[in-house]
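Novice: Please find one structure pasted underneath; my questions will follow.
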Amino acid sequence: MRFMMIMIPNETAEAGVLPDPEFFAAMMKFNEDLQKAGALISLDGLHPSSKGARIAFGGKTPIVTDGPFTESKEVIGGFWIIQVGSKAEAVEWARRCPAADGDVIEVRQVQEFSDFPDAVIEATKDSAAALGAHLN
């Protein structure tokens, strides 16, 4: 099973304040542990929302809003994609993360192509195959 661990950083991270080097060293050790366990598929951190944009859909023309997104209480600061045997195992990995005070990690299972109803799979199988969707 694949899971995404979504880092929701504390307010200082969203303000662009970097933690001390020891924090980065601890986070890299955590990432190395994930890799050594064979669980890590990918990971990345994100710049603060002030450097991003949101595109809202409704009506004929999408509306683009540049960051920062001050109305949001939670923004995504980064993520890991991991391959583990269960939600409990994914949660245990998240609990081991050396996150800062106020950080939150949300764990969500990645929806596989095979999770969809047969009618959806049949209607989209050619496109899914071309895109390399997970068919199993």
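Bear in mind these aren't lab numbers, they're just calculated from the coordinates by the rules spelled out. What you see is a predicted model, and the numbers here were worked out from it, not measured in a lab. Don't worry about glycine lacking a Cβ; one is built from the backbone with ideal geometry, like all the others, and counts go over all protein chains shown.
Novice: Taking θ as phi - 60°, what are the ³J(HN,Hα) couplings along the range 30-39 by the Karplus curve (6.51, -1.76, 1.60), each to the nearest whole Hz, with x for Gly and Pro?
Specialist: For the range 30-39, the Karplus-derived couplings read 4, 4, 5, 4, 4, 5, 4, 6, x, 8 Hz, x marking Gly and Pro.
Novice: In which sequence would Thr124, Thr70 go, from the one with the fewest C-beta neighbours within 10 Å to the one with the most?
Specialist: Ordered from fewest to most neighbouring Cβ atoms within 10 Å, Thr124, Thr70 come out as Thr70, Thr124.
Novice: Antiparallel versus total DSSP beta bridges in the chain: what percent is that, nearest 5?
Specialist: If we restrict to bridges inside the chain, about 100 percent are antiparallel.
Novice: Let me ask something additional. Looking at the range 12-99, which trypsin sites (Lys or Arg not before Pro) are DSSP coil and have at most 13 other C-beta atoms within 10 Å of their C-beta?
Specialist: Filter output for the range 12-99: Lys60, Lys73.
Novice: Arrange Met7, Met1, Met27 by Cβ neighbour counts within 10 Å, fewest through most, would you?
Specialist: Met1, Met27, Met7
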